[in-house]
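Chemist: Right, I'll just put the structure down here and ask away after.
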Amino acid sequence: MRRMLVAAAVLASMLVPGVASAAPICTLAKPTANGVLYKGEVYEFRATGCPARAKAHLAWRLVVDMPLSKDIESNGRGEWYMQYRVDDFSLSLSTAMWVTFDNGVRTNSIDVSIAARP
């Protein structure tokens, strides 16, 4: 069943316009790649160069694109940002995070690690 789900996601990315674009439409600039996010802390996620007034949500990698937040619209300057509390991850998890827009295009992904506060 899991293989079928992955195969369907790959096929959809090839067939649906905008899903399999060659380059990200905008850049997830904050937080920085390879950073450590501490469980229970609030972080600002910011993407720049995005289409104006485009709705998007923060997402992370599981088997398919998993939304972590409600859709938030980018502003007139093409900036998308939100505050997000890291509290629903397993500790010591390394994952990729990105912003997915309502037209299926997404930003670059950043790799982060989730950890307990030292």
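Chemist: Taking Ser113 as meeting all but one of (1) part of a loop (DSSP other than H, G, I, E, B); (2) over 14 Å from Phe45 (Cβ atoms), write down the number of the exception.
Modeler: Failing condition for Ser113: (1).
Chemist: Would you please name the residue that is modelled with the lowest pLDDT, looking only at residues in region 78-99 that are small (Gly, Ala, Ser) and open to solvent by 50 Å² or more (accessible area, probe 1.4 Å)?
Modeler: Within region 78-99, the subset small (Gly, Ala, Ser) is 78, 90, 92, 94, 96.
Restricting the remaining residues to those that are open to solvent by 50 Å² or more (accessible area, probe 1.4 Å) gives 90, 92, 94.
Numbers: Ser90: 59, Ser92: 62, Ser94: 80.
In this case the residue turns out to be Ser90.
Chemist: Can you pull out the strands (runs of 3 or more DSSP E) entirely within region 1-77 that have at least 1 residues that are at pLDDT below 85, under 15 Å from the mean Cα position of the chain (by Cα) and surrounded by 13 or more Cβ atoms within 10 Å (Cβ to Cβ)?
Modeler: Details: elements: 27-30, 35-38, 42-48, 55-61, 65-67.
Hits in region 1-77: 55-61, 65-67.
Chemist: Also: Which condition from (1) touching a helix residue (DSSP H, G or I) at 6+ places or on another chain (Cβ under 9 Å); (2) at pLDDT 85 or above is the one that Gly104 breaks?
Modeler: Here Gly104 clears every test but (2).
The values are calculated or read from the model by the stated rules, or taken from the named source; none is laboratory data. Predicted model, so just to flag it, every value in this text is computed and none were measured. Reconstructed Cβ throughout: ideal geometry from the backbone, glycine too, with neighbour counts over all protein chains shown. In case anyone asks, the SASA skips ligands and DNA or RNA and just uses the protein heavy atoms, side chains included. Shrake-Rupley method; radii C 1.70, N 1.55, O 1.52, S 1.80 Å.
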